[in-house]
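Values in this text are rule-based calculations from the coordinates and carry no lab data. If you're wondering where the values come from, they're calculated on a predicted model, not measured in any experiment. Please note: Cβ atoms are built from the backbone with ideal geometry, for glycine as well, and neighbour counts cover all protein chains shown.
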Amino acid sequence: MEALTVHEGNTAVLERANVDTDQIIPKQFLKRVERTGFGQFLFFDWRFKSDGEEDPSFELNYPSAANASILIADHNFGSGSSREHAPWALQDYGFRVIIAPSYSDIFYNNCVKNGILPVRLPEDQVYELMQNGNDKEYHLTVDLQNQQISDKDAGFQATFEIDPYWKEMLLNGWDEISITLQYEEDIEAYEKRVKV
Amino acid sequence: MKPRTIIDKIWNEHAVRAEAGKPNLMYVDLHMVHEVTSPQAFEGLRLSGRPVRRPDLTFATMDHNVPTLNRESITDAISKKQIDTLFDNCREFGVELADIHSPNNGIVHIIGPELGLTQPGKTIVCGDSHTSTHGAFGALAFGIGTSEVEHVLATQTLWQSPPKTMEVHVDGRLGTGVTAKDIILAIIAKFGVDFGSGYVLEYTGEAIRGLTMEERMTICNMSIEAGARAGLISPDQVTFDYLKDRRFVPEGAEFDEKVEQWRQLATDEGAEYDERVVIPADEIEPMVTWGTNPSQGVGIHGTVPYPEDGKSATEKKVIKTSLDYMALEPGTKITDIHVQHVFLGSCTNARIGDLREAAKIIRGNKVADGIRAMVVPGSQQVKLQAEEEGLDQVFKEAGFEWRDSGCSMCLGMNPDFVPEGERCASTSNRNFEGRQGKGARTHLVSPAMAAGAAIYGHFVDVRKLDQTVSS
């Protein structure tokens with residue numbers, strides 16, 4: 001997993017609540033047996049018209065969202081299906097950071113395990129970011145070590161909370177299985193104790 | 001000792017490591033695997049040269065891609081590759097698989113309980129959000145992503161932060177003809193699509209106690225549609241009676257011993273939850289969703305809302321977007337909504353009790369003109385049982401298609417889907433945009449309500465139906 005310390009990039013604004021993982025990556029693209037190559041299918045039914053052309057009215061296709069690596073969304077982002085193909089698609093498309101007032105629990109975990117930082121900010125701050133970025137290129141700097149988000153021009157500045165365990169994982173790009181296997185003795189002891 | 005909830009009890013018993021301020025390392029008792037969310041996990045093991053730590057606590061099936069007609073011959077090459085990959089992975093890593101030919105094949109959340117793999121007090125995970133279904137037995141069961149699937153395969157554990165607990169109390173008695181599906185749709189409609197976020201829910205109350213195991217599974221299944229990490233019900237005699245004599249459940253004296261342990265799991269009198277919500281059972285009616293998330297539902301005598309009914313600017317916008325997608329006018333009576341498809345299936349409502357409930361209404365009637373209606377039993381065992389009871393004949397004579405088991409039209413990964421712009425009364429769990437097919441419009445209902453819609457062509461109050469429709 002790629003480490004994430006300080007990330008600077010353009011934003012894409014998705015002013016929608018309850019965006020479910022069926023929208024992030026529709027089911028017809030879940031049949032691959034690899035982890036890679038899902039970016040082309042991200043938000044497929046919203047991004048493309050039925051003739052296969054990009055739909056200019058979809059937020060990610062706005063010129064202002066070109067090369068965006070930070071996604072700003074509304075409440076309950078990533079709800080529904082547990083498919084990890086959703087963060088795989090977001091990452092493959094180029095997103096490293098998501099900012100929203102709330103996430104579904106499984107989606108949040110799936111992001112962290114793939115080196116995507118899901119930032120929770122209060123609703124009013126998210127809406128301020130949306131306002132700043134919805135019709136023009138808007139760059140943010142996200143500093144995970146100091147848990148801060150700032151821009152250059154509009155004067156936005158915020159701090160965010162994150163579980164120290166997830167923070168360390170992201171900062172170091174650690175492989176979680178290797179960490180767990182250091183506790184092999186504990187796992188064995190547990191298995192002996194409860195006879196599983 | 002301080003009274004404890006079942007959630008606290010199961011949690012504490014499974015902590016391999018618990019340090020303050022860190023997620024706990026939790027032991028996993030049962031890991032269910034299916035073909036869509038596992039290939040990358042097995043590939044990860046292979047690349048790092050790791051074995052499956054406990055194949056004996058792992059059980060696999062194939063369900064999402066499986067065709068419900070001619071299941072032996074999969075024509076979609078990519079689907080076939082996913083199915084073949086699971087077969088090869090299970091053989092290589094020594095995991096038991098109920099493959100497409102097995103009489104035990106079926107939807108992962110239907111076969112776990114059916115085989116007695118699902119038991120009270122277990123921690124159960126699967127790369128599938130509807131794993132919450134198993135909570136009906138008093139198990140702590142939740143969906144995980146593919147990285148976590150790999151982690152469990154390699155270590156039989158997961159890092160998890162302790163959950164917050166919430167009691168969802170269904171107070172009083174249910175009205176006649178109101179089903180488990182109506183209870184859970186009413187709960188989500190009342191408290192919102194993410195009210196359970198961060199919580200494990202325990203469903204309590206007389207109305208819950210009165211449900212069969214199958215009905216309890218319907219309730220717990222949709223906990224994820226409220227955003228909850230998991231949902232469960234304390235086990236009781238109904239649970240133990242269901243489990244007796246199932247394949248993976250101990251027999252004789254060992255069973256009796258197990259039952260004694262399981263009884264101790266139920267939430268203690270006076271235990272405290274972090275949160276509590278109450279819904280009076282008698283306010284619940286047969287439910288129908290009108291929108292594109294499962295909280296957007298009303299009773300059968302309700303109407304489609306106006307965007308202005310939304311309590312916030314965001315909610316007003318959400319209602320407007322949903323109505324545009326669903327092509328519904330605000331103020332429309334639910335009973336005036338006509339459908340073109342009826343789907344009776346999914347891990348929510350495709351157990352034998354669900355088919356019986358629908359068959360009671362279907363018997364002697366015909367599917368309305370212009371409607372395509374389909375029954376997809378949740379497992380091959382359910383299918384066999386239904387055929388022994390003659391339910392297949394009831395459905396077929398009415399004009400339903402009678403299929404093999406699988407996830408099918410719940411998400412349309414196999415050839416079963418709803419065409420663009422058409423409307424489906426579905427017993428599944430998600431009415432998301434495009435869920436049943438690109439541009440498809442889904443209305444979530446109970447099996448009885450789906451049966452009623454099949455006969456009349458529009459939603460009807462099934463409590464008021466005569467056994468046979470004369471028209």
For residue A:10, what is the net charge nearby, where nearby means another residue's Cβ is under 15 Å from its Cβ and Lys, Arg count +1, Asp, Glu -1? -3
In whole Hz, what ³J(HN,Hα) sequence does segment B:259-272 give by Karplus (6.51, -1.76, 1.60; θ = phi - 60°), x for Gly and Pro? 4, 4, 5, 5, 4, 5, 6, 3, 4, 6, 3, x, 5, 9
Computed E for residue A:145/residue A:195 - FRET, C-beta separation, R0 41 angstrom, nearest 0.05: 0.40
Enumerate the amide H contacts of residue B:156 below 5 Å, restricted to partners 5 or more residues apart or on another chain; note that Pro and chain-start residues carry no placed amide H. B:53
With only Lys, Arg, Asp and Glu charged, each at its Cβ (+1 for the first two, -1 for the last two), find how big the charge dipole of chain A is about the Cα centre; round to the nearest 20 debye. 460
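With the cut-off at 1.5 for a/c, could you classify segment B:17-158 from its C-alpha gyration tensor as rounded, prolate or oblate?
oblate
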Just to be sure I understand: of the beta bridges DSSP finds with both ends in the protein assembly as shown, what percent are antiparallel, rounded to 5? 30
Run through all the Cα pairs of segment B:195-261 and give the fraction in each 10 Å bin from 0, expressed as whole percent. 19, 40, 31, 10, 0
Interchain or long-range residues, amide H under 5 Å from residue A:119's placed H: A:98, A:99, A:100
Binned Cα-Cα distance frequencies in segment B:103-227 - 5 Å width, integer %: 2, 10, 20, 23, 20, 13, 7, 3, 1, 0
Ranked from fewest to most other Cβ atoms within 10 Å of their own Cβ, B:255, B:240, B:42 fall in the order B:255, B:240, B:42
Binned Cα-Cα distances of chain B, short to long, each 20 Å bin given as a whole percent: 25, 58, 16, 0
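Arrange the following residues from fewest to most other Cβ atoms within 10 Å of their Cβ: B:124, B:7, A:149.
Values: B:124 26, B:7 29, A:149 23.
Arranged by neighbour count, lowest to highest, B:124, B:7, A:149 become A:149, B:124, B:7.
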List the longest stretch of chain A that has no exposed loop site; here a site is one of the trypsin sites (Lys or Arg not before Pro) assigned by DSSP to anything other than H, G, I, E or B, with at most 16 other Cβ within 10 Å. A:50-135
Quotient of Cα radius of gyration and Kirkwood radius for chain A, i.e. Rg/Rh, equals 1.02
Round to the nearest 0.05 the FRET efficiency obtained for residue B:256 and residue B:101 when R0 = 35 Å and r is the Cβ-Cβ distance. 0.45
If neighbour count is taken as other Cβ atoms inside 10 Å, put A:36, B:212 in order from fewest to most. A:36, B:212
Which Cα, out of B:153, B:21, B:350, lies furthest along the positive dipole direction of chain B (beta carbon charges, K/R +1, D/E -1)? B:21
Need the full-extension length gain, residue B:209 to residue B:464, defined as separation in residues times 0.36 nm minus the C-alpha distance. One decimal, nm. 89.2 nm
Relative to the Cα centre, what is the charge dipole magnitude of segment B:287-464, using +1 at the beta carbon of each Lys and Arg, -1 at the beta carbon of each Asp and Glu, and rounding to the nearest 20 debye? 280
Tell me which of A:104, B:460, B:239 sits at the most positive position along the dipole axis of the protein assembly as shown, charges placed on C-beta atoms (Lys, Arg +1; Asp, Glu -1). B:460
Considering the zone a paramagnetic label at residue A:131 would reach in this model (a point 7 Å from Cα along the Cα-to-Cβ line), which residues of segment A:140-163 have amide N under 20 Å from it? A:140-141, A:149-160
Listed residues A:60, A:30, A:170; largest mean-square fluctuation, Gaussian network over chain A with Cα springs below 10 Å, found at A:30
Number of Lys pairs in segment B:6-276 closer than 17 Å at Cα, excluding neighbours under 8 places apart unless interchain, is 8
Against the rule of thumb 2.2 N^0.38 Å, how large the Cα Rg of segment B:165-225 comes out: 1.04
What would the Debye formula give as log10 I(q)/I(0) at q = 0.12, 0.13, 0.14 Å⁻¹ for the alpha-carbon point model of segment B:374-471, no solvent? -0.42, -0.49, -0.57
May I ask for the net charge around residue B:174, where only other residues with Cβ less than 13 Å from the Cβ of residue B:174 are counted and Lys, Arg are +1 while Asp, Glu are -1? -3
Rg/Rh of the protein assembly as shown (Cα atoms, Kirkwood Rh), to two decimals, equals 0.95
Rounded to the nearest 10 degrees, the helix A:184-194 long axis (Cα) sits at an angle to the longest Cα principal axis of chain A of 70
26 Å tail of the calculated P(r), segment B:287-464, as % of Cα pairs: 26
I'd like the Karplus ³J(HN,Hα) series for segment B:194-202: coefficients 6.51, -1.76, 1.60, θ = phi - 60°, whole numbers in Hz, and an x wherever there's a Gly or Pro. 10, 5, x, 4, x, 10, 9, 8, 10
Using the charge dipole of the protein assembly as shown (Lys, Arg: +1 at Cβ; Asp, Glu: -1 at Cβ; taken about the Cα centre), state which of B:281, B:335, B:86 has its Cα farthest towards the positive end. B:335
FRET efficiency estimate (nearest 0.05) - Cβ-Cβ, residue B:88 to residue B:397, R0 41 angstrom: 0.45
Measure off 7 Å from each Cα along the Cα-to-Cβ vector at residue A:161 and residue B:324, then give the distance between these two points in nanometres to one decimal. 3.5
Please state the relative contact order of chain B as a whole percent: Cα pairs under 8 Å, 6+ residues apart? 17
Could you give me the ³J(HN,Hα) list for segment B:424-431, computed from phi with Karplus coefficients 6.51, -1.76, 1.60 and θ = phi - 60°, whole Hz, x at Gly and Pro? 10, 8, 10, 8, 7, 10, 9, 10
Can you give me the distance in nm between label points at residue B:77 and residue B:277, each placed 7 Å from the Cα along the Cα-to-Cβ direction? 4.7
If the only charges are +1 at each Lys and Arg Cβ and -1 at each Asp and Glu Cβ, what is the size of the charge dipole of the protein assembly as shown around the Cα centre, to the nearest 20 debye? 760
Length-normalised contact order of segment A:6-194, Cα under 8 Å, at least 6 apart, in percent, tallies to 23
